[in-house]
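Enquirer: Handing you a structure now.
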Amino acid sequence: MSDISIQFHALPDELAALAETMAGELGLHAVCVKFFPFAVAEVPRDRLGETIRSGSCGRIAFTLGPPALGATTQKDFGEANPAALILDVGAESESGLKQSWLAARTLSAPMPDAWRTFAARLRKLTEAGALAVAPEGGASTYLRNHRFTPGAKARNDEGLKMLPVAGVATLQLGAGPPKK
């Protein structure tokens, strides 16, 4: 079994540029996955950046060949496209910027080189290290593997809250471990 799992913060423009570039360079198919109600639709490469910037799609699934689109649930989609690379798109709102997540898992086949290339490019564009701080009491923990783009760091420094996927803590991007 092989995994890719990168949690990070990126501004919508940065995420859109990365996704557009990688889809073009690697010849990837992109699928917008929506929830509540569940729906999937292939996104043309020339509309991928626009789709991400608009915030209309919370998840993009990348496939090496034409995707299977007949699924009516997330589980069915995953079973029909088991080798997909998943990009959860962290939306920006008045509350802050939600975390994004790049993930893939293979159970028997080797991880596709395209997914390794995509992940390596993301790592090259980002830095690691963030401090998660609880709003009440200020308890904190260091997240050495959490990554962020230069744009997300700049906006965090300006006061934009960096929000995790779940929970109430906020992240301070680029902050070192808490002092003991």
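The values are calculated or read from the model by the stated rules, or taken from the named source; none is laboratory data. All of these numbers come straight from a predicted model, not from anything done at the bench. With ideal geometry, Cβ positions are generated from the backbone for all residues, glycine too; neighbour counts draw on all protein chains shown.
Enquirer: Have a look at 163, 143 and point out the one that is buried (at least 16 other Cβ atoms within 10 Å of the Cβ), in contact with a Lys or Arg (Cβ under 6 Å, 6 or more places away or on another chain) and not assigned by TED's automatic domain parsing to the domain that holds residue 79. Reasoning before the result, please.
Expert: Details: 143 fails: in contact with a Lys or Arg (Cβ under 6 Å, 6 or more places away or on another chain).
The conditions single out 163.
Enquirer: Shifting gears a bit: Of all residues in region 18-32, count the ones that are within 17 Å of residue 99 (Cα to Cα) and more than 13 Å from the chain's Cα centre (by Cα).
Expert: To start, the set of residues in region 18-32 that are within 17 Å of residue 99 (Cα to Cα) comprises 18-19.
If we keep only those that are more than 13 Å from the chain's Cα centre (by Cα) as well, we get none.
Counting residues in region 18-32 that are within 17 Å of residue 99 (Cα to Cα) and more than 13 Å from the chain's Cα centre (by Cα) gives 0.
Here is a yes/no grid of residues against (1) in contact (Cβ under 8 Å) with a residue 40 or more places away in the chain; (2) among the charged types (D, E, K, R):
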{"position": "83", "(1), (2)": "no, no"}
{"position": "100", "(1), (2)": "yes, no"}
{"position": "115", "(1), (2)": "yes, no"}
{"position": "142", "(1), (2)": "no, no"}
{"position": "157", "(1), (2)": "no, yes"}
{"position": "167", "(1), (2)": "no, no"}
{"position": "176", "(1), (2)": "yes, no"}
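Enquirer: Would you be able to say whether some residue in region 77-93 is assigned to a loop (DSSP other than H, G, I, E, B), more than 24 Å from residue 120 (Cα to Cα) and modelled with pLDDT under 95?
Expert: Taking region 77-93 first, the residues assigned to a loop (DSSP other than H, G, I, E, B) are 81-84, 89-91.
With more than 24 Å from residue 120 (Cα to Cα) added as a condition, the list becomes none.
The answer is no, given that none of the residues of region 77-93 is assigned to a loop (DSSP other than H, G, I, E, B), more than 24 Å from residue 120 (Cα to Cα) and modelled with pLDDT under 95.
Enquirer: Moving to a separate point now. The conditions are (1) assigned by TED's automatic domain parsing to the domain that holds residue 161; (2) part of a helix (DSSP H, G or I), and residue 50 fails exactly one of them. Which is it?
Expert: (1)
Enquirer: Take the conditions in a loop (DSSP other than H, G, I, E, B) and surrounded by 15 or more Cβ atoms within 10 Å (Cβ to Cβ) and apply them to residue 32. Does it pass?
Expert: On the way: in a loop (DSSP other than H, G, I, E, B): no; surrounded by 15 or more Cβ atoms within 10 Å (Cβ to Cβ): yes.
Against the criterion (in a loop (DSSP other than H, G, I, E, B) and surrounded by 15 or more Cβ atoms within 10 Å (Cβ to Cβ)), residue 32 does not qualify.
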